Amino acid sequence: MRHSRSSTVVSLAIVAVGLLLLAWLIAKADPRQIWIALGQVGWGFLAILANAGARFAVRALAWMRCLEPPHRLRFTEAFTAVLCGDALGNATPLGPLVSEPAKVAFVRDRVPMGAAFTALAIENVFYTLSVAAMIAAGITALLLRGGLERELRLAAEIGIVLVLAIYVGATWVLMRQPAVLSRALGVVARIAPALGRPHRIEKVRRLEEEIYTFASRRRGTAGAIVAAELIFHALGVLEVYLSLWLLLGAAPSIVTSFILETANRLIIVLFKFIPMQQPVVGGAATVLVARALGLPQDTALALAIVRGGRMLFWQLAGTVLLVRHGMSTRRILQDRELQSGRAAAGR
C-alpha cells in the first residue's frame, strides 16, 4: 500500500511538471495562431481518429494470432478488450499491471484465462522487440539528419547502444532459452515461500517454454505477427504525417514524421506508469522534439493538441465500454479468479 501511494505521488508530480511545461510553451506562443492551425485540421481529424482505431485493430489481430488452437476470439471481442485495457492502463499509475488482466477479463467467457494470458505475453514480446527496433531506427534517422547539439547527439548514441544491447540480450535468451523467470521466482520462494509455491513456479516455467518455442512451432503465424507489429508502427508514422500535412497545408518530410513518432513511442515506454502520459508528458515532449526538428512552435503545439485529442477520444470510448461492463481497477485487482488465471498462464 505504501509503495502504491508513493508511486501515485510520483506519477502526479510528473503529470504536474508536464502540465506546467505545456502551459509555459503555450504561453510563449500565439494562441490565435495555434487556433488557426487547428482549424486547418477540420474534418481531417476524423481520418486521424480512424487511423488510431486501426492501430488498436492491428494489436487485436496480433493477439488473436498468438492464441493456441483450438482457442479463438472474434475480432470484435479482441478489439473491445484491447481498447478497454488500454483505457484502464492509461487512467492509472499501474499501467500494464492492470491493462493486461483487463483484456483477459473481457474475453474470459470465450477463452480460458491461462491461454489468453499466454497469448498476451507472446504478443507483448513481439511488440516490445518491434518498439526497440522502431526507437533504434528513429534515433539513427535523427543522427543522420545532423545539426544536433553535442549533448543531444551523445544521448542519441547512448540510446542506440542500449537498444543494441537489448537485441543482443534477446538473441542470447532465444538461443539459450534460460528459465529466467522461474529461477527468479525460485529465489523469491526462499525469502517468501508463499510467493513461490512449486506449482506456481512450474506454471511460469511452462509459460517460458511456450514463449521460446512459439516461433518454431508456428512459423507462419510468427511472420504474420511481425507484420502486424510493423503495420502498427507504420500507422503511427502515418498519423504524424497526416497531422502535419493538415496543419502545414503541405506534405511534410517522412523522416520528420518518423522521428516524431519515435519520440512519442519512447515517451510511452519511459512513462508507461504515468496516468494520461500522452496528452501531458507526451504533448510537451512532442513540442520540444518538433521544435528541434525546425517546425514552427505554433505548429508543434497544434500537433501536440491534435494527438492529445485523438488519445482522449479513444480513452473516452474505452472508458464508456468499461462502465458498461462494470469494470474498474479495483475489481480487476480483487478478482481472485482473474489473478489465478494469470498465474496459470502456460498451463
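Assorted remarks:
- Qualifying residue in the range 63-82 (condition: assigned to a helix (DSSP H, G or I), buried (at least 22 other Cβ atoms within 10 Å of the Cβ) and among the acidic types (D, E)): no
- Any hit, the range 122-136, residues being modelled with pLDDT under 85, of a type outside the set (S, T, Y) and more than 28 Å from E68 (Cβ to Cβ): no
- When we screen A115, A165 for residues that are at pLDDT below 90, over 18 Å from L83 (Cα atoms) and touching an Asp or Glu at 6+ places or on another chain (Cβ under 7 Å), the only hit is A115.
- Among the conditions (1) over 21 Å from the mean Cα position of the chain (by Cα); (2) buried (at least 16 other Cβ atoms within 10 Å of the Cβ); (3) free of Cβ contacts under 8 Å to residues at least 40 places away in the same chain, L247 misses just one, which is (3).
- The one condition in (1) over 22 Å from I225 (Cα atoms); (2) without any contact (Cβ under 8 Å) to a residue 40 or more places away in the chain; (3) not hydroxyl-bearing (S, T, Y) that P69 fails to fulfil: (1)
- Among residues of the range 36-79, those that are among the β-branched types (V, I, T) and within 16 Å of the chain's Cα centre (by Cα), counted: 1
- Any hit, the range 93-107, residues being modelled with pLDDT of 90 or more and either of a type in the set (K, R) or out of contact with any helix residue (DSSP H, G or I) (no Cβ under 6 Å at 6 or more places or on another chain) (or both): yes
- Any hit, the range 213-231, residues being within 14 Å of A179 (Cβ to Cβ) and modelled with pLDDT of 80 or more: yes
- Looking only at the range 232-280, and only at residues there that are among the β-branched types (V, I, T) and at pLDDT below 90, the one that is farthest from I158 (Cα to Cα): V280
- Hits in the range 188-197 (condition: at pLDDT below 65 and part of a helix (DSSP H, G or I)): V188, A189, P193, A194, L195
- Any hit, the range 3-17, residues being modelled with pLDDT of 65 or more and surrounded by fewer than 17 Cβ atoms within 10 Å (Cβ to Cβ): no
- Being part of a helix (DSSP H, G or I) and modelled with pLDDT of 85 or more is a property that holds for V306.
- Listed by first and then second residue, the pairs with beta-carbon distance under 9 Å, at least 6 apart or on different chains, first residue in the range 288-304 and basic (K, R), second surrounded by fewer than 24 Cβ atoms within 10 Å (Cβ to Cβ), are R291/L25; R291/Q297.
The values are calculated or read from the model by the stated rules, or taken from the named source; none is laboratory data. Owing to the predicted nature of the structure, the values given are computational and were not obtained by experimental measurement. Virtual Cβ from ideal backbone geometry, glycine too; neighbours counted across all protein chains shown.
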